[in-house]
Amino acid sequence: MSDKIEKISIIVSKGSLEGIYPALIMANGARAEGIDANLFFTFFGLDAVHKARHEHIKLATVGNPGLHLATWAGGLPGVSTVMTRYLSHKMDELDIPPIPEFVEMIADTGAGLYACQASVDLFGLSKEDFIDQVQDIITVGEFYELAAGGQIIFT
Amino acid sequence: MSTKVYAGTEVPVNEEGFFTDPGQWHDDMAAEIARESGVGELTERHWVIIRFMRKEFAEKGTGPTVRALGKTSGVSVKELYQLFPKGPAKLAARIAGIPKPRGCI
C-alpha cells in the first residue's frame, strides 16, 4: 500500500459555519494536491448545498465554548448574525470564499458532491432544493462504494 | 538538496522537484519538467499559466494558489484542472521553476 493519500471522501454532517468550512477547505486542499475528493452532505450539512440556505450559514454562538462568550450572551438576538458577519469579513481578508462560491469552486475542481438519501427523505427535500453542482442523492451503501479505496473523514 | 538536468543545464531542486533557485529557470526547460511531472505536452493555455506564475512570483515572491489563479489569471478553475489535473498551482509552479505555493485555499 502506498503511503500517499490518493482519494478522500468527506462527510459533512453539521450546518454551522464552523461545521462546514473545515470540510470544504480539506476537500479543496485535497484537489489542489491532486488527490481525488468526494463530499457527502448529510443531516444539517445539507444546508451547505441547499439553494435557499447556503447563503445564510451561521456561526454557532450557543454551545460553542471555543468562542469564549457566555452562553446567555451567545443566545441574545442578533449575536450569531453579528459574529458571523465579523468572521466572514476576516475570512474575506484572507481570501477564503463565502460558502456558495467555495462549494461551486470545489465542484469545478472535479470533486464529487452528493446528498444523503436518508437525510433528504427525513427533511422532505428533493433534488430541486439543491444547487446544480450536487451530482446525485445517494444511499449510504452507494457512498461506501464511491469511497472505496480511499480515506473517509467525518466532520 | 539534489539536482536535475533540464535542457542540458544542471539545476538545484528540492525533494519534491521544485527549483530552489528560480533564477536558473529557462523557457526551454518547461517542456521537459512538464513531461516529467505527468502534465504531458504543453499548449498555449498551459503557457498562459506558466508565464502568470513567473510574473506573480517576480512581483510577490510567492506563487498564487488555485483560487488566486482562477480569479486573476484569466483561466477558470475548471480549465485549470483540465490543464493540470494533479493540482494546478503545484504543477504549474514546478514547471515554471518557482517554489511550491503555500496556502490552504
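The values are calculated or read from the model by the stated rules, or taken from the named source; none is laboratory data. Keep in mind it's a predicted model, so treat the numbers as computed, not measured. Ideal geometry is used to build each Cβ from the backbone, glycine not excepted, and the neighbour counts take in all protein chains shown.
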Checklist (1) away from chain B (no Cβ under 14 Å); (2) assigned to a helix (DSSP H, G or I) applied to residue A:3, failing item:
(2)
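Examine region B:46-63 for a residue that is of a type in the set (S, T, N, Q), in a loop (DSSP other than H, G, I, E, B) and exposed (fewer than 14 other Cβ atoms within 10 Å of the Cβ), and state whether such a residue exists. Outline the logic, then answer.
So the first thing to find is which residues in region B:46-63 are of a type in the set (S, T, N, Q), and the list is B:62.
Then drop every residue that is not in a loop (DSSP other than H, G, I, E, B), which leaves B:62.
If we keep only those that are exposed (fewer than 14 other Cβ atoms within 10 Å of the Cβ) too, we end up with none.
Checking region B:46-63: not a single residue is of a type in the set (S, T, N, Q), in a loop (DSSP other than H, G, I, E, B) and exposed (fewer than 14 other Cβ atoms within 10 Å of the Cβ).
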Which of (1) farther than 14 Å from residue A:113 by Cα; (2) away from every other protein chain (no Cβ under 14 Å); (3) among the small types (Gly, Ala, Ser) does residue A:13 not meet, given it meets every other one?
(1)
Here is a check on your reading of the model: is residue A:54 of a type outside the set (D, E, K, R), over 13 Å from residue A:109 (Cβ atoms) and over 10 Å from the mean Cα position of the chain (by Cα)?
no
Being basic (Lys, Arg) and more than 13 Å from every other protein chain (Cβ to nearest Cβ) is the requirement here; does residue A:53 meet it?
yes
Can you tell me which residues in region B:22-45 are more than 14 Å from chain A (Cβ to nearest Cβ), closer than 17 Å to residue B:7 by Cα, in contact with a helix residue (DSSP H, G or I) (Cβ under 9 Å, 6 or more places away or on another chain) and not in a helix (DSSP H, G or I)?
B:25, B:40, B:41, B:42
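How many residues are of a type outside the set (Lys, Arg) and either within 14 Å of another protein chain (Cβ to nearest Cβ) or surrounded by 13 or more Cβ atoms within 10 Å (Cβ to Cβ) (or both) if we restrict to region A:56-70?
Narrowing region A:56-70 to residues of a type outside the set (Lys, Arg): A:56-57, A:59-70.
Then drop every residue that is not either within 14 Å of another protein chain (Cβ to nearest Cβ) or surrounded by 13 or more Cβ atoms within 10 Å (Cβ to Cβ) (or both), which leaves A:57, A:59-62, A:64, A:67, A:69.
Number satisfying all stated conditions: 8.
Within region B:86-96, which residues are more than 7 Å from every other protein chain (Cβ to nearest Cβ), free of Cβ contacts under 8 Å to residues at least 60 places away in the same chain and not aliphatic (A, V, I, L, M)? Break it down stepwise before answering.
As a first pass, look at region B:86-96 and keep what is more than 7 Å from every other protein chain (Cβ to nearest Cβ): B:88, B:91-96.
If we keep only those that are free of Cβ contacts under 8 Å to residues at least 60 places away in the same chain as well, we get B:88, B:91-92.
Within region B:86-96, B:88 is the sole residue that qualifies.
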Report, by residue number, each residue of region B:75-105 that is surrounded by fewer than 16 Cβ atoms within 10 Å (Cβ to Cβ) and either touching a helix residue (DSSP H, G or I) at 6+ places or on another chain (Cβ under 7 Å) or not in a loop (DSSP other than H, G, I, E, B) (or both).
B:76, B:78, B:82, B:104
Picked from region B:48-82 (must be in contact (Cβ under 8 Å) with a residue 40 or more places away in the chain and in contact with a Gly (Cβ under 6 Å, 6 or more places away or on another chain)), the residue farthest from the other protein chains (Cβ to nearest Cβ) is B:57
Helices (runs of 4 or more DSSP H) contained in region A:71-155 and holding at least 1 residues at pLDDT below 95 and within 14 Å of chain B (Cβ to nearest Cβ)
A:79-93
